Every structure is written in structure tokens, then in C-alpha cells.
Amino acid sequence: MTITFLGHSGFLLSHGKWTVAIDPFLSGNPLAVHKAEEIACTHIALTHGHADHVGDTITIARANGAPVVAAFELANYLSEQGVESTEQGNPGGRIEFPFGWIAFTHAFHSSSYEGRYMGMPCGLVVSMGGVVFYHAGDTDLFSDMVLIGEFYKPRIAALPIGDRFTMGPELACRAAAMIKPEFAIPIHYRTFPPLVQSAEAFRPEGVAVREMEPGESWSLS
């Protein structure tokens, strides 16, 4: 798997001819180095319906003919906006794809877009190229993270550390200790002034922290 960080909470996960874009918030993201028209992907997966996660999904999906994997209500909304292919799911569900699979987990947050309810907020577990990647979405700490770690055994966990709207660094450290990945990537920080501006306090015991800059790629065998 090759992981490219798009900034904020966005990623490209690639293996062979497959690329999954997660939460591609580029337009309006002051730290993003990519533009929507530069994104090439085969699939898009969304954690929830807030604008800083839906981002440029519609533009990217149309340009690439990429199906969007999202919670039921959010997927239906995107269909109404002209996205031709969606894959609806909800926490506890898993969808098989040619590259592997994507599973939905709980996330403790909210989910709406332009005042419309967008279903349950979710975390996403992506299995691709023999690597399992857990994107926690926007969430508070919750005890079932232990079960997510035990059941899916993610090698990498992307965890929000920005505080105010999600976990801060201290709670995110506890989350990493519960999930027990090999690597943790801090997300949802620095982008805007209300968020924590540094990952210095995110140092979970026994888990290697991989801070990524927008546009940076990292390949794992």
C-alpha cells in the first residue's frame, strides 16, 4: 500500500491499479497541495457528511467515474447530486471490492451537510495490498476501539488529534494504545486556528507516530 496524505483528514491509498480516496477535502483547505482535478482514483470513501470531509467528492467522482462508499443517507444525497455510483453502508458492515474490502465502524461525532442529516458518522477500515488501514474519522475516544484493534488488527491507524471537535492529543494517545497499530498518523489538526497546531503531545506508548505533510507519500510492504 502507498499512502498519500491530502491534508486535514484526507488520504489516497493505492495498490496496483486501485486507488481509494478518503475524505478528499481540497478546495478551501489552506494546507492542501493537490487540486481536485489532479486526483486520480478508482474509489472514494467518506467517513461522514461534514464539508471538511465530503470536500471535492462530487467533482472527483464525476471526473474518475469512481463509486463513493459512504453511510446510507450520505450516499443517497450524493446520488441526488449526480454521482453515478455509490456503495451504501453503516457501522458493522463490510463491502468487498476487487482490491480488498472496506468496513464501517462507529465514530462518536455528528454528520450533516448544508443543514441536512447525513446519517451515522463512521470510521473506515480499508484492507488493500495485504495492509489494513483504520481511519477513525472525526470521533471521541470510545471503548470499542479495543475491539476494532482486536478484530481488524490494523497496521496503521489515522487518528484525529485536533481537539474541540474530536479527540485531542491526550485522548488520541489512549485510542492508539487501545487499538495497538504499528503506526499512528495524526489527522484533523493544524488546518484551522481552533484546532491543535502541533502533534508534539501525540506520543502514544508502544506505537510509532508518523506525521505526514500534505502531498507526502509513504509506501509499506
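Matching residues to (1) assigned to a loop (DSSP other than H, G, I, E, B); (2) of a type outside the set (Ser, Thr, Tyr):
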position	(1), (2)
Phe108	yes, yes
Met120	yes, yes
Ser127	no, no
Phe151	no, yes
Leu159	no, yes
ask   = Could you list, in sequence order, the residues of segment 49-60 that are touching a helix residue (DSSP H, G or I) at 6+ places or on another chain (Cβ under 7 Å) and either in contact (Cβ under 8 Å) with a residue 60 or more places away in the chain or surrounded by fewer than 22 Cβ atoms within 10 Å (Cβ to Cβ) (or both)?
value = Gly49, Ile58, Thr59
ask   = If you check Ser221 against the conditions, is it at pLDDT below 95, surrounded by fewer than 20 Cβ atoms within 10 Å (Cβ to Cβ) and closer than 27 Å to Ile95 by Cα?
value = yes
note = Checked segment 37-48 for anything crowded, with 19+ Cβ neighbours inside 10 Å and either under 24 Å from Lys17 (Cα atoms) or charged (D, E, K, R) (or both); matches are Ile39, Cys41, His43, Ile44, Ala45, Leu46, Thr47
ask   = Does at least one position in segment 125-135 carry a residue that is among the small types (Gly, Ala, Ser), at pLDDT 95 or above, within 26 Å of Val68 (Cα to Cα) and crowded, with 22+ Cβ neighbours inside 10 Å?
value = no
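Results for (1) more than 25 Å from Trp218 (Cβ to Cβ); (2) touching a Lys or Arg at 6+ places or on another chain (Cβ under 6 Å), shown as yes or no for each residue.
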residue: Ala66; (1), (2): no, no
residue: Gly89; (1), (2): yes, no
residue: Phe99; (1), (2): no, no
residue: Tyr113; (1), (2): yes, no
residue: Gly119; (1), (2): yes, no
residue: Gly123; (1), (2): no, no
residue: Val131; (1), (2): no, yes
residue: Asp140; (1), (2): yes, no
inquiry  = Among the residues that make up segment 68-83, is at least one of them within 15 Å of the chain's Cα centre (by Cα) and under 21 Å from Glu213 (Cβ atoms)?
reply    = no
message = Could you check segment 129-140 and list, in sequence order, the residues that are of a type in the set (D, E, K, R) and either in a strand (DSSP E or B) or out of contact with any Pro (no Cβ under 7 Å at 6 or more places or on another chain) (or both)?
response = Asp140
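The values are calculated or read from the model by the stated rules, or taken from the named source; none is laboratory data. These numbers were taken from a predicted model, which means no experiment stands behind them. In this analysis, Cβ positions are derived from the backbone assuming ideal geometry, glycine residues included, and neighbour counts consider all displayed protein chains.
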